[in-house]
Amino acid sequence: MSRRIAVSVAAGVVVLGGAGAYALAYAGDQPPALAHSTARYSAPAGDSDGSLTFTTEVSASSGVKSVKVLAWPAHSSLADKKLTAKDMTAAETATCRPSGKDTARCTYTTTVTPTEAAKSPHGAWHVAVLAEAKNGTTTLDDKAADFTVR
């Protein structure tokens, strides 16, 4: 093999190796991804409590550190402003369990008493989610799922 070909092959290997390393480094810093988010609301009946259950799958190459959940009425002051990660600091924490190599299935459930339901605005509601990966990257989806309070 001529020296010129050998140098070209070596340069190609270096370029491809560098591109691969960059791609791996870039993939490691990707924010968490949410998928299959659902909300299920069951209204209280008589003296029995109802419930709200939110479920989502979170994928993060570094692992899932935490998932915060906030249900909010569509016709409220939150509809006029864009939620931020800071707004979500006091939100409730979902329980996450591994469901794959880089994926966790996260669930949040709360009871809804007849008194709470009577005081809550009726109509459309949204569920906001803040997912944080172990590498510190975050994803905020202010309308990850919807449900209706009647």
Item to check | Estimated inter-spin distance, residue 138 and residue 29, nm [label 7 Å along Cα→Cβ] | outcome: 1.8
Item to check | Rg/Rh ratio calculated on Cα atoms of region 111-150 (Kirkwood radius) | outcome: 1.18
Item to check | With all protein chains modelled, accessible area of residue 138 [1.4 Å, Å²] | outcome: 70
Checklist outcome for this item: For region 31-150, the dipole about the Cα centre with charges only on Cβ (Lys and Arg +1, Asp and Glu -1), to the nearest 20 debye, works out at 260
Checklist entry - What size of dipole, in debye to the nearest 20, comes out for region 44-92 about its Cα centre when the only charges are +1 on Lys and Arg C-beta atoms and -1 on Asp and Glu C-beta atoms? => result 380
Item to check | Restraint check, 82/119; 81/119; 65/86, Cα-Cα greater than 21 Å | outcome: 82/119; 81/119
Item to check | Formal net charge of residues neighbouring residue 123 (Cβ-Cβ distance under 15 Å; K, R +1; D, E -1) | outcome: +2
Item to check | Stretchable slack from residue 122 to residue 93, in nm (0.36 nm times residue separation minus alpha-carbon distance) | outcome: 8.0 nm
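The values are calculated or read from the model by the stated rules, or taken from the named source; none is laboratory data. Everything numeric here is computed off the predicted structure, so don't read it as measured data. Quick reminder, even Gly has a Cβ in these numbers, built from the backbone with ideal geometry, and neighbours come from all protein chains shown. Just so you know, the surface numbers come from the protein's heavy atoms only, side chains and all, with ligands and any DNA or RNA stripped out. Shrake-Rupley method; radii C 1.70, N 1.55, O 1.52, S 1.80 Å.
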